[in-house]
Amino acid sequence: MAENKRRTDFITSGLVAQNRRAHFDYAINETFEAGLILTGTEVKSLRLGHANINEAYGIIEGEELYMSNMFIASYDNQGYASHAERRNRKLLLHRREVIKIINALNRKGATLIAIKLYFDKRGRAKLEIGLGTGKKLYDKRETMKDRDWNREKARIMAR
């Protein structure tokens, strides 16, 4: 049986899911804020925080952009209507941004990655996406070295 949720358990604005490995695995050149076309049960599940965008990536279908492999868990109290947990979800962007992203994705090595999924001040689900290229192993080592040095520098400055 589904556990009863109080009104305070719902996310009305703020972060729902975050891809923490995005900046580690990819060199992100440009970021965009996109809306999503969602069904009612998907929005309710997002309000409970049941989403995972770690494996999500952008694809081109015709002249439109879709986010593929984004996981939104099924809603417990769904009734007769339900949604597929890993379906392609259309991204809502301005026409100029779509053309810019499609041209960039047609270049070799470019990838569209989901970075953050959140609700804005007006309560709309937004997805921050990044356009970038995959990092090589030596780039990842450089990132780890910089992160460790910044951490050590903060410790020294705190003393």
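Computed quantities for the displayed model
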{"item": "Entries of LYS116/LYS136; LYS108/LYS135; LYS108/LYS145; LYS90/LYS116; LYS90/LYS136; LYS44/LYS116 with Cα pairs more than 21 Å apart", "result": "LYS116/LYS136; LYS108/LYS145; LYS90/LYS136"}
{"item": "Taking only Cα atoms of the chain, radius of gyration then Dmax in Å", "result": "18.2, 61"}
{"item": "Within the chain: Cβ-based charge dipole about Cα centre, in debye rounded to nearest 20 (Lys, Arg +1; Asp, Glu -1)", "result": "520"}
{"item": "The stretch 96-159 - charge dipole about Cα centre, Lys and Arg +1 at Cβ, Asp and Glu -1, debye rounded to 20", "result": "100"}
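Read the figures in this text as sums done on the coordinates, not as results from a lab. Computed from a predicted structure; not experimentally measured. Note that we place each Cβ from the backbone using ideal geometry, even for glycine, and neighbour counts take in every protein chain shown.
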